[in-house]
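The values are calculated or read from the model by the stated rules, or taken from the named source; none is laboratory data. In this text the structure is predicted, and so the values were computed from the model without any measurement. Using ideal geometry, Cβ is built from the backbone for each residue, glycine included, and neighbour counts are taken over all protein chains shown.
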Amino acid sequence: MLTIGSTVLGVNDIARATEFWHGALGYVPREPGDDTWVILVPASGPGPQLALMLSETPVQEHPRIHLDLYADDQAAEVARLIGLGAQGVDWDLYPEDPDFVVLADPDGNRFCVIDKGPR
């Protein structure tokens, strides 16, 4: 049997990415990492792991894999994430009435903030 252990993001600066994702999700290093790799886990207990790996690969404009973060208050979370260093993305693939906002982390990795509220 196989299970997914971690989602891995390539980043340019492990320390900066760790700080951003800690602020965004409250995740903490599972064990001391180094300047090439760290695995982040929820501080509150079990949950999906997010690994950060040093990478020199350019960011894809339309990535094939990305994170979807679910928000009870999408506008507040988008503002909070931008305050932590995320950037808005001029996304050319939005549908007519999107329930998501595309952002990029400080390394340019794209992710979506999904509105969990009623539509």
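Taking residue 39 as meeting all but one of (1) under 15 Å from the mean Cα position of the chain (by Cα); (2) surrounded by 14 or more Cβ atoms within 10 Å (Cβ to Cβ); (3) under 29 Å from residue 92 (Cβ atoms); (4) at pLDDT 95 or above, write down the number of the exception.
Unmet for residue 39, out of (1) under 15 Å from the mean Cα position of the chain (by Cα); (2) surrounded by 14 or more Cβ atoms within 10 Å (Cβ to Cβ); (3) under 29 Å from residue 92 (Cβ atoms); (4) at pLDDT 95 or above: (3).
Regarding the range 59-69, can at least one residue be identified that is in contact with a helix residue (DSSP H, G or I) (Cβ under 7 Å, 6 or more places away or on another chain), outside the structural domain of residue 23 (by TED's automatic domain parsing) and either surrounded by 12 or more Cβ atoms within 10 Å (Cβ to Cβ) or closer than 28 Å to residue 5 by Cβ (or both)? Break it down into steps so the answer makes sense when it comes.
Initial filter on the range 59-69 (in contact with a helix residue (DSSP H, G or I) (Cβ under 7 Å, 6 or more places away or on another chain)): none.
No, the range 59-69 has no match at all.
Name the residue, out of 75, 104, 51, that is among the small types (Gly, Ala, Ser) and either in contact with an Asp or Glu (Cβ under 6 Å, 6 or more places away or on another chain) or within 13 Å of residue 24 (Cβ to Cβ) (or both). First the steps, then the outcome.
On the way: 75 fails: either in contact with an Asp or Glu (Cβ under 6 Å, 6 or more places away or on another chain) or within 13 Å of residue 24 (Cβ to Cβ) (or both); 51 fails: either in contact with an Asp or Glu (Cβ under 6 Å, 6 or more places away or on another chain) or within 13 Å of residue 24 (Cβ to Cβ) (or both).
None of the others qualify; the one that does is 104.
For the range 47-60, check the following and say yes or no: at least one residue is part of a strand (DSSP E or B) and hydroxyl-bearing (Ser, Thr, Tyr).
In the first step, residues of the range 47-60 are kept if they are part of a strand (DSSP E or B); the result is 49-54.
Next cut, hydroxyl-bearing (Ser, Thr, Tyr) only: none.
So far as the range 47-60 goes, no, none of its residues is part of a strand (DSSP E or B) and hydroxyl-bearing (Ser, Thr, Tyr).
Report the residue count in the range 3-36 for those that are more than 11 Å from the chain's Cα centre (by Cα) and in a helix (DSSP H, G or I).
4
For the range 88-99, name all the residues that are surrounded by 13 or more Cβ atoms within 10 Å (Cβ to Cβ) and within 14 Å of residue 110 (Cα to Cα).
Within the range 88-99, the first condition is being surrounded by 13 or more Cβ atoms within 10 Å (Cβ to Cβ), and the residues that meet it are 89, 91, 98-99.
Residues satisfying the conditions are 89, 91.
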